[in-house]
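The values are calculated or read from the model by the stated rules, or taken from the named source; none is laboratory data. As the structure is a computational prediction, the values presented were derived from the model and not from experiment. Every residue, glycine among them, receives a Cβ derived from its backbone with ideal geometry; neighbour counts consider all protein chains shown.
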Amino acid sequence: MSNLLSLESLSIYESNIPLIPASIGKSTKLIELNLNNNQINKLPNEINKLVALKELNIENNNLLTLPDISNLTELKKLNLSNNKLSSIPASIGKNTAIETLHLDNNDLISIPEEISNITYLTELRLSNNKLKILPNNLGKCLVLNTMYANDNLLESIPNSISECRKLNKLDLSNNNLRSLNLNSSKLNELEYIDISFNKISELPVGIGKTQNLNASFNMIKELPQDLLDSKTINVLNLSNNQITSFEKEFQGWSNLTSLNLSNNKIISLKNIPLIKTKINIAAYNSEFKITNNPIAEIPKTFNEWLRKRKYGSSYAVYKIVN
């Protein structure tokens with residue numbers, strides 16, 4: 001390894017190597033280091049000498065700890081996915097140039113608050129860990145665009161996340177959330193939200209701005225008016241909740257291409273706009289599902305709606321449950 005002093009890119013992947021020698025620290029011109037799919041359980045402290053490093057990939061190994069890498073101030077991409085990490089050192093906050101940080105599929109129980117110092121962070125993956133909370137000051141990551149925190153043990157999310165105004169994709173599915181502390185009025189670029197498989201009973205006002213919302217497998221009984229009136233939403237999954245009816249008429253959902261209301265407690269379809277006439281759910285490759293609801297009757301307008309769409313590739317699936 002000491003003979004590779006001028007090397008700028010090094011890939012040693014799928015080789016079953018158990019360790020990296022300390023002499024790696026002499027390759028100070030390295031820009032990219034790829035060690036994925038090996039059996040590495042520890043990195044040498046000397047890795048902190050690779051001050052020119054911009055990409056470090058250690059995905060799919062057996063890492064138990066991460067050494068201090070605070071000198072790697074040029075680092076833009078750090079992939080630690082699929083290891084056995086239980087913690088991340090607070091010194092990660094000194095790697096302020098990181099844009100993409102993958103920590104998914106580990107054993108993490110917490111994320112250091114210092115992560116908020118990574119002000120260029122655009123993508124954060126925390127899926128499949130053991131997290132109960134997220135850093136309170138995560139909102140300081142002002143250019144954060146994508147965050148996956150699904151399949152954890154989260155009981156709440158910090159209010160500050162609403163300050164991440166560039167946020168476009170947010171996945172919080174498969175957690176223990178009872179509420180969604182989002183000020184959606186600030187998140188104008190948020191297009192995709194997945195909060196399925198939680199314990200949420202109420203959706204926040206402003207969520208109707210999004211384009212793709214999966215809120216299935218929760219405890220939702222009513223929908224906020226801005227979601228009912230939304231003309232931006234095009235994929236909406238509200239299946240497996242406790243919705244009983246749509247008591248008031250509403251004029252939204254004109255751009256829907258997929259609507260799933262299956263496994264609720266809906267007794268009437270009469271106020272759903274698509275049943276009444278004009279909804280775009282008739283578009284090709286669209287779908288409407290409302291199986292397993294105690295619907296008392298199917299309105300005539302629904303059958304008319306189906307007939308008008310028989311030549312398209314859209315479809316509806318429904319079943320009256322007595």
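Assorted remarks:
- Yes/no for residue 16 being in a loop (DSSP other than H, G, I, E, B), without any contact (Cβ under 8 Å) to a residue 60 or more places away in the chain and surrounded by 15 or more Cβ atoms within 10 Å (Cβ to Cβ): no
- Checked against the criterion of being under 24 Å from the mean Cα position of the chain (by Cα), touching a residue at least 12 places away in the same chain (Cβ under 8 Å), under 17 Å from residue 120 (Cα atoms) and not in a loop (DSSP other than H, G, I, E, B), the candidates 75, 56 yield just one match: 56.
- For the range 39-53, filtered to residues that are among the β-branched types (Val, Ile, Thr) and part of a loop (DSSP other than H, G, I, E, B), the residue that is surrounded by the fewest Cβ atoms within 10 Å (Cβ to Cβ) is 51.
- Qualifying residue in the range 19-27 (condition: buried (at least 18 other Cβ atoms within 10 Å of the Cβ), more than 25 Å from residue 145 (Cα to Cα) and either of a type in the set (Gly, Ala, Ser) or in contact with a Cys (Cβ under 7 Å, 6 or more places away or on another chain) (or both)): yes
Residue-wise test of (1) in a helix (DSSP H, G or I); (2) among the hydrophobic types (A, V, I, L, M, F, W, C).
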residue	(1), (2)
105	no, no
110	no, no
120	no, no
124	no, yes
128	no, no
133	no, yes
139	yes, no
175	no, no
181	no, no
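- Considered as a group, the residues in the range 157-173 that are surrounded by 15 or more Cβ atoms within 10 Å (Cβ to Cβ) and not in a loop (DSSP other than H, G, I, E, B) include one that is nearest to the chain's Cα centre (by Cα), and that residue is 171.
- The set of residues in the range 222-265 that are buried (at least 19 other Cβ atoms within 10 Å of the Cβ), at pLDDT below 90 and under 18 Å from residue 297 (Cβ atoms) contains only 246.
- Set side by side, the residues 144, 154 differ, and just one is touching a strand residue (DSSP E or B) at 6+ places or on another chain (Cβ under 9 Å), crowded, with 20+ Cβ neighbours inside 10 Å and not in a strand (DSSP E or B), which is 144.
- The numbered conditions (1) in contact with a Leu (Cβ under 6 Å, 6 or more places away or on another chain); (2) under 15 Å from residue 201 (Cβ atoms) are all true for residue 221 except (1).
- Test for residue 46: is it touching a residue at least 40 places away in the same chain (Cβ under 8 Å) and closer than 30 Å to residue 5 by Cβ: no
- Qualifying residue in the range 100-113 (condition: among the β-branched types (Val, Ile, Thr) and either more than 20 Å from residue 153 (Cβ to Cβ) or crowded, with 20+ Cβ neighbours inside 10 Å (or both)): yes
- Total residues in the range 123-134 satisfying the condition of being crowded, with 19+ Cβ neighbours inside 10 Å and within 16 Å of residue 160 (Cα to Cα): the figure is 2.
- Single match in 36, 95, 117 (criterion: free of Cβ contacts under 8 Å to residues at least 60 places away in the same chain and surrounded by 20 or more Cβ atoms within 10 Å (Cβ to Cβ)): 95
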